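J.: Take this structure first; my questions come after.
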Amino acid sequence: MKTEETELLLVKSSKSAAKEAVIEITDLCKSFGTQEVLKNFSLKLYDGENLVVLGKSGSGKSVLIKCIVGLLRSDSGSIKVFGQDVTSLNMKDLDEVRQKIGFLFQSGALYDSMTVKENLEFPLRRIKTHLKQNEIDAKIKEVLENVGLADALNKMPSQLSGGMRKRISLARTIVVDPGIILYDEPTTGLDPVTSKEISLLINDIQKKYKASSIIITHDIECARITANRLIMLQDGEVYAEGNIAEFEKSTDKVIKAFFI
Amino acid sequence: MKINIPVSKARQLALHHTMKLSESTIAKTAIANNFLTDFADVLLFIHHFMKETFSRKLEIKEFFRQCFAIGYKSLPLISVTGFIMGFVLTIQSRPALVRFGADTLLPGMVAVSLIREMGPVITALICAGKVASGMGAELGSMKVTEQIEAMEVSSTHPMRFLVVTRVWAATFMIPLLILYADGLGIIGSWFGANIKGDVSLVLFFSQAFSHIGFNDLLPAVVKSFFFGAVIGMVGCYKGYNAGRGTESVGKAANSAVVLASLLILIVDMIAVQITDMLPV
């Protein structure tokens, strides 16, 4: 049940509607068997903003971003990415939309059998097919420097620490210059210092690449550092929406439980 | 998508109907349903494999990488297996042939046995253990660690990059490994024959090959391609459809070996029947 205060947060958020929406989700529903994970969920991601989606485990956060890239098919509703409804696209058109989206997986999802260089080359060779080898090498060098791991080029993923794996995954995400980046719990499993470094890196990436981002997290420190706007998911619905200051001032029980 | 209908759900469904069903009937219905969904899954997998094979360009670099992994990296194991096959077959069958004064037929008998049956089946079973389990475990762990999904969001079709390359690499490499094992088996046989006799390698080989005809070699080579396809397909299917937990990786590898071995024997049985019907 939403309180008056959470309703207020929802009203305040409408101010940001002046910017152009790069993702527009309307009445999205997704169920697994009898379990409804997302119920008439609506969201807009505006150009150049970092939107943090907060919520308890199992509240449907990861399902939401997997629906956006078409890894999961929604039951109903529409998901417009740069104006194209991904729920009704064929595989070829969906691939084209996916080329504009970067996805940072919770586990990093680096290819175990490939070196760091091959991991970064993999999406580059498939998406930026016009690039020559020297341009590919230069691009890889640039993104590795941006994530602070220029010397990891020939290492295997098994030789990297958790934080390094996250950084390399982030490098693989940004190597194709995506317009939108989706982060699935970017700081999970990391120590507080490394978590802060990754959160600051997300901000740097936003500034350098001018990408719009959805950051799925339940790490409040990460939300504090990265969020331009936050929404809270509860039982598959938007429970509250606003900026970090509004959330921190809130006296609502559910919100307070997160910000203690 | 796999839908496993538990007995309790099937029971609930049955309660909505006026007809009273016994516990065993409900359980059998659930098993039949699961079998049908599994079967439909297999057909869908084969359909996607065919579609990706013929509608898009082959990932040639990955295909050769898989050929190297399946073919070259299996050579030590297949060398030992092939050699021992020929050696043991010779030691075991020599006394019986000597009893009938037919020991000069030993090279021919061993060669025909190896090329027609023992070489293909035993090599394929060994490869099922090494290659199919490797594919099941590799793809299974890729699924658990979200690497397959990462590939998909990079606009790369995992079915084409991971499955098509592996299945075709296995289909082409397994027959070559089988021919290699056959050759080493004959060398092993020559070693076995020389324990109690003295035969030159050239004479042994010429006697062995004088008994092998086109009808021996061709069906064996043809069925070897099917063995390779079975190994690749089963390994990839089990890995690609593994569950989400780490336990499922072990299960995928294990069930890949069991199913691939079983299918190899079934394919062999069918191939023998077909070969038997061919004119000599």
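The values are calculated or read from the model by the stated rules, or taken from the named source; none is laboratory data. Since this is a predicted model, take the numbers as computed values, not measurements. Using ideal geometry, Cβ is built from the backbone for each residue, glycine included, and neighbour counts are taken over all protein chains shown.
J.: Which numbered condition trips up A:Ser59, out of (1) within 14 Å of chain B (Cβ to nearest Cβ); (2) in contact (Cβ under 8 Å) with a residue 60 or more places away in the chain; (3) of a type in the set (Gly, Ala, Ser); (4) outside any strand (DSSP E or B)?
T.: Only one criterion is unmet by A:Ser59, namely (1).
J.: Could you pull out every one of the helices (runs of 4 or more DSSP H) wholly within the stretch A:84-177 that has 1 or more residues that are over 22 Å from the mean Cα position of the chain (by Cα) and within 12 Å of chain B (Cβ to nearest Cβ)?
T.: Values: elements: A:91-98, A:116-127, A:133-146, A:162-174.
Result: A:91-98, A:116-127.
J.: Go through (1) of a type in the set (D, E, K, R); (2) in a strand (DSSP E or B); (3) at the interface with chain B (Cβ under 10 Å from one of its Cβ atoms) one by one and return the number of the condition A:Lys39 breaks.
T.: All conditions are met except number (3).
J.: Can you tell which of A:Leu201, A:Leu182 is at pLDDT below 90, under 14 Å from the mean Cα position of the chain (by Cα) and not in a loop (DSSP other than H, G, I, E, B)?
T.: Values: A:Leu182 fails: at pLDDT below 90.
Matching residue, one of A:Leu201, A:Leu182: A:Leu201.
J.: Pick from the stretch A:70-83 the residues that are surrounded by 13 or more Cβ atoms within 10 Å (Cβ to Cβ) and of a type in the set (D, E, K, R): which of them is farthest from the other protein chains (Cβ to nearest Cβ)?
T.: The extreme case among them is A:Lys80.
J.: Collect the residues in the stretch B:90-107 that are surrounded by fewer than 17 Cβ atoms within 10 Å (Cβ to Cβ) and either within 18 Å of B:Gly185 (Cβ to Cβ) or among the β-branched types (Val, Ile, Thr) (or both), keeping them in residue-number order.
T.: Of the residues in the stretch B:90-107, the ones surrounded by fewer than 17 Cβ atoms within 10 Å (Cβ to Cβ) are B:91-92, B:95-102, B:104-105.
Answer for the stretch B:90-107, where residues must be surrounded by fewer than 17 Cβ atoms within 10 Å (Cβ to Cβ) and either within 18 Å of B:Gly185 (Cβ to Cβ) or among the β-branched types (Val, Ile, Thr) (or both): B:Ile91, B:Gln92, B:Leu97, B:Val98, B:Thr104, B:Leu105.
J.: With the requirement that a residue be charged (D, E, K, R) and either surrounded by fewer than 12 Cβ atoms within 10 Å (Cβ to Cβ) or in contact with a strand residue (DSSP E or B) (Cβ under 6 Å, 6 or more places away or on another chain) (or both), what does the stretch B:197-228 give you? So that I can check it myself, show each step before the final result.
T.: Within the stretch B:197-228, the first condition is being charged (D, E, K, R), and the residues that meet it are B:198, B:216, B:223.
Once the filter is applied, which keeps residues that are charged (D, E, K, R) and either surrounded by fewer than 12 Cβ atoms within 10 Å (Cβ to Cβ) or in contact with a strand residue (DSSP E or B) (Cβ under 6 Å, 6 or more places away or on another chain) (or both), the stretch B:197-228 yields only B:Asp198.
J.: Something else now. Check whether at least one residue in the stretch A:192-204 is of a type in the set (A, V, I, L, M), surrounded by fewer than 18 Cβ atoms within 10 Å (Cβ to Cβ) and in contact (Cβ under 8 Å) with a residue 40 or more places away in the chain, and report yes or no. Walk me through it before giving the result.
T.: First, the residues of the stretch A:192-204 that are of a type in the set (A, V, I, L, M): A:193, A:198, A:200-202.
Those left that are additionally surrounded by fewer than 18 Cβ atoms within 10 Å (Cβ to Cβ): A:193, A:200.
Keeping just the survivors that are in contact (Cβ under 8 Å) with a residue 40 or more places away in the chain gives none.
No, that holds for no residue.
J.: Quick one: which helices (runs of 4 or more DSSP H) lie wholly within the stretch B:16-115 and hold at least 2 residues that are over 26 Å from the mean Cα position of the chain (by Cα)? Even if it seems obvious, please write down each step before you answer.
T.: Numbers: elements: B:23-55, B:60-70, B:75-99, B:106-113.
Because the criterion is at least 2 residues that are over 26 Å from the mean Cα position of the chain (by Cα), the helices (runs of 4 or more DSSP H) in the stretch B:16-115 that meet it are B:23-55, B:75-99, B:106-113.
Residues checked against (1) more than 22 Å from the chain's Cα centre (by Cα); (2) outside any helix (DSSP H, G or I); (3) closer than 21 Å to B:Leu114 by Cα:
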| site | (1), (2), (3) |
| --- | --- |
| B:Ala137 | no, no, no |
| B:Ile178 | no, no, yes |
| B:Ile186 | yes, no, yes |
| B:Val221 | no, no, yes |
| B:Gly228 | no, no, yes |
